[in-house]
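What follows is calculated from the coordinates using simple rules that are stated; it is not laboratory data. Note that the structure is a prediction, hence the values are computed from the model and not measured. Don't worry about glycine lacking a Cβ; one is built from the backbone with ideal geometry, like all the others, and counts go over all protein chains shown.
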Amino acid sequence: MPPEINENGRSKRSGTADETGGLSAVERIERLKAKALSLPAEPGVYIMFDKKGKILYIGKAKRLKNRVSSYFQDSAGHSPKTRRMVNRVQDFDTIVAASEFEAFVLECSLIRHHRPQYNIQLKDGSGYPFIKLPPGPFPALSAVNDGQLAKDGSRYFGPYGGWRATHMVIDSLCATLKLPTCGKRFPKDIGKGRPCLQYHMGRCVGVCVGDTSEEDFRERIRRAVMMMEGKAAGLVAEMEKEMVSRAENLQFEAAAQIRDEIKSVTALSNRQIVVGGGMADTDVVAAVVGEARSGVAVLHYLDGSLVGRDVEMSEDADEAELLSSFVSQYYMARGRIPRNVLLSAPIEDEALLKDIFLSKGMKVDFTVPQRGAKAELVKMAARNAAEEIERVTTREEKTRFLLSELKRLLNLPEPPSRIEAVDISNLGDSGRVGVIVCYKEGKPLKKAYRHFIIKDAGIRDDYHSMEEVLTRRFARLVKGDKGFDEAPGLLLVDGGTTHAAMAKRVLAGFDLDIPVFGMVKDEKHRTRAVVSPEGGEAGLTASPGVFAFIGQIQEETHRSALGFHQKQRGKFVSELDGIAGLGETRRDILLRHFKSVKKIAAAKPEELEALLPKNVAISVYNHFHAPYEGA
C-alpha cells in the first residue's frame, strides 16, 4: 500500500517542509545535495517540493541516493525544464520501495493523483473508449470507457483512439445501416409518438412505427458488427452475392436497394486509413523535441485502420526521457495496453511495463522499427507531434526559450532582450564603413540600426575600424544621446578572440560591463561558434535554435554593412577616378575581383583585359604604369 499523503502532497511521516528563508541559491543547493547524499542506495520514489510545500515533481529511482543527488550537481547537463524545476526546489521527500517494480507502480499512482507541474500532463486519464452493443432485440450502439466494461451480456468493440473517433464510428454505422439515433428504447417505445425527421428523410428504418422486423434489425446489427471487426470486405462480398440473387429472381427493386447499401458500406470502410495486415491492435508512439515545447503523438490502429490520434505537450528536452515518462503514465492511467506498441526510441521502463500488464493478463511487445512500413508509421506519428507543437507554440514562447538558451550557453546574467552586433565593410582602400544592427526580443529592430563612416583616414584594417565604431557608439551611450541611450544586454562582434578582447577594452574605457563575444565563421563562411575575450569557445551546434539565431544575426550584420558601403561608395575618393572608359560599374567589377586598388595597380594587362574591354584595360594599366599600347 502506498503511504498516506497529506493535503500538501507530503507523506505524513515526514512533517512539514523545511523553510530556509534567508539561504542563498548556492546554500540551498548545497543543503539539498547534502541531504540527497545521505539517502540510501535503494529503489524508491522521490517527491520535490517548492517553498510552499507544493509538489513540483515525482520520480522513481533504482538508487535514490544516486538519482536525487544528480539534480544538485553541475547543472550544465540538465535540460532547461530540469534547471527551472531545480531552481524552485526547496525540499524533497522520499519513499523507499521494496523493488524497482514497486517504485514504478507507486510513481505512476502518485503522479495520477497529484498531477505535479513538471511531470508530463495528460489531457485525459479516463481510459480508452469502446463501442458497447447490449443484448436484446433492438440494441443501440453507445460509447463507454474501459472502466465501464461489464459482464452484462453486452459485446464491446475497440478500443478506439479517442472519444471523437468513437462517436464518428457510431454515427457512420447508424447512417450507413439506417439504425435509429433518436434515443428511444425498443420494443417498449414502438408505436409511441410520431417518427422523427430521420425517418421522414429515409435515414432510419423506422423501428418506432413498426416498419422493420426483429429479423431485419438483427441483420443490420450483424453487418455493423462485421464493420467494427474489420470485415468490411467479407460483408461487401455477401451483399453482392445477395444482390445478384435478387436480380436473377427479377427482384430488381430489392437488388437496387442492396446495390445502394453496398456503396454506403464501401464508402464507410474507405474513410479509414488502411495500412495492411499485422496492425490488428497497435499504437504508434513518437516523441518530438521542439524549440520551446515538446510533444508526443499516439496513432491508434485497429484491424489495419487508423481509428484515432492523441497528442500531448510537454517541456521535456530529451526524447528518450519524454517518451519513457509518457508511455508509463499514458498506459498505466488507462489500465489497458494494445498488443503492439511501435516507438520512436527505446524506453527505460519497458521491462517493468511488460511485467505489470502481463500480471493483468495482457501481453505487449514494444518495438522501435528502423525501416519499412512500420518505420514510416512512426515518422507519420512524429509529423503529427511536430505539427501540433508548431500550432500551439507562440512566437513569444519560442523567443523566450531561445534567449534563455543563449543565456545558458554564454553564461549571461540574464536573457539578453537587446542584442547589438557590429561589422565592417570595405573594398580595399575605396573606403570603410561600420554598422551596428540591433535585435530586440529576438527580432531585428531596424530603426535602431546605426551606420558609421570611418573618419580616421589612416585606418587600413577592420580591427581598428571596429574599434573606432565601438568607441563612437558607446561614447554617445555615456552622453545619453537620443537613439544611443539604451545599452545592449549582449554585444557581438564579427571576428574572433582578438576582436572580442578589443571590444571589451573599449567598454571598460567607458566603465561599462556588457557581455561581449566574437562570432567565428567556419571555412564556408558560416557561423561556427562564439568566443569570449578570454578565448573560451561556446559551441552552438548542441542548440540548433541558438545556432540558427546567431547565424541570422551575423548574416544580417554583414548584409547591412555591405549595403551601406555600396550606398556610400560614390562618395569615396578613389585612385580609380578619372580613368577613361572606367565608369562606376566597371570600377565595381575590378574592386570585387582584386579586393583593393593596390592589387589593381599591380595587375598585368592580360588580367585586366579578362575583366574589361581591351582599350579600357590599357587605360587602367597606363594610369599606374608607363604608357602601354597593347599587343
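Side notes on the structure shown:
- Beta bridges by DSSP in segment 403-570, antiparallel share as percent, to the nearest 5: 75 percent
- Residues residue 521 and residue 390, FRET efficiency given R0 of 35 Å [Cβ-Cβ distance, rounded to 0.05]: 0.70
- The antiparallel fraction among DSSP beta bridges confined to segment 281-392 stands at about 70%.
- Segment residue 249-residue 359, length gained on full extension (0.36 nm per residue, minus Cα span): 33.9 nm
- The long axis of helix 214-228 is offset from the longest Cα principal axis of the chain by roughly 30 degrees.
- Convex hull volume per residue in cubic angstrom - Cα atoms of the chain: 285 Å³
- Overall form of segment 574-624 per C-alpha gyration tensor (a/c, 1.5; a/b vs b/c): rounded
- Descending by average beta-carbon neighbour count within 10 Å, the peptides 359-367, 281-289, 608-616 line up as 281-289, 608-616, 359-367, the highest first.
- Percent of beta bridges antiparallel (DSSP, the chain, rounded to nearest 5): 80 percent
- Out-of-range pairs (alpha-carbon distance over 20 Å; input 407/443; 132/360; 231/363; 521/598; 33/60): 132/360; 231/363; 521/598
- Helix 350-359 axis, angle to the chain major axis (alpha carbon atoms, nearest 10°): 10 degrees
- Near residue 143, the amide H atoms lying under 5 Å from its own belong to 132; only residues 5 or more places off or on other chains count, and H is placed 1.01 Å from N.
- Environment charge of residue 207, counting only residues whose C-beta is closer than 9 Å and scoring Lys/Arg +1, Asp/Glu -1: -1
- Between the alpha-carbon centres of segment 521-563 and segment 173-243 there is a gap of 68 Å.
- In this rough spin-label picture, where each label sits 7 Å from Cα along the Cβ direction, the residue 584-residue 562 distance is 1.9 nm.
- The mean sequence distance of close C-alpha pairs (under 8 Å, at least 6 residues apart), as a share of the length of segment 447-532, puts its relative contact order at 23 percent.
- Between residue 449 and 438, the built amide H atoms are under 5 Å apart, and every one of these is 5 or more places off in sequence or on another chain.
- Each label point was placed 7 Å from the Cα along the Cα-to-Cβ direction; for residue 175 and residue 259 their separation is 2.3 nm.
- Taking θ as phi - 60° and the Karplus parameters 6.51, -1.76 and 1.60, the scalar couplings of segment 488-505 work out to x, x, 7, 10, 10, 10, 7, x, x, 4, 4, 5, 5, 5, 4, 4, 5, 5 Hz in sequence order, x denoting glycine and proline.
- Relative to the compact-globule estimate of 2.2 N^0.38 Å, the Cα radius of gyration of segment 281-392 comes out at 1.00.
- Helix 100-114 and the long axis of the chain differ in direction by around 90°, with both axes built from C-alpha atoms.
- Estimated FRET transfer efficiency when R0 is 25 angstrom, pair residue 604-residue 577 (beta carbons, to 0.05): 0.65
- Average Cα contact separation per residue, the chain, under 8 Å, 6 or more apart, as relative contact order %: 8 percent
- Other residues with beta-carbon under 9 Å from the beta-carbon of residue 421 carry, at +1 per Lys or Arg and -1 per Asp or Glu, a net charge of -4.
- Sequence-distant contacts, meaning Cα pairs under 8 Å at least 6 residues apart, place the relative contact order of segment 172-232 at 32 percent.
- Whole-Hz couplings from phi, Karplus 6.51/-1.76/1.60, listed for segment 556-561; x for Gly and Pro: 5, 5, 5, 4, 5, 5
- Segment 177-268: C-alpha gyration tensor shape, a/c 1.5 cut-off, then a/b vs b/c: prolate
- The alpha carbon centroids of segment 472-490 and segment 328-394 are separated by 55 Å.
- A crude spin-label estimate for the pair residue 99 and residue 26, with each label 7 Å from Cα along the Cβ direction, gives 4.6 nm.
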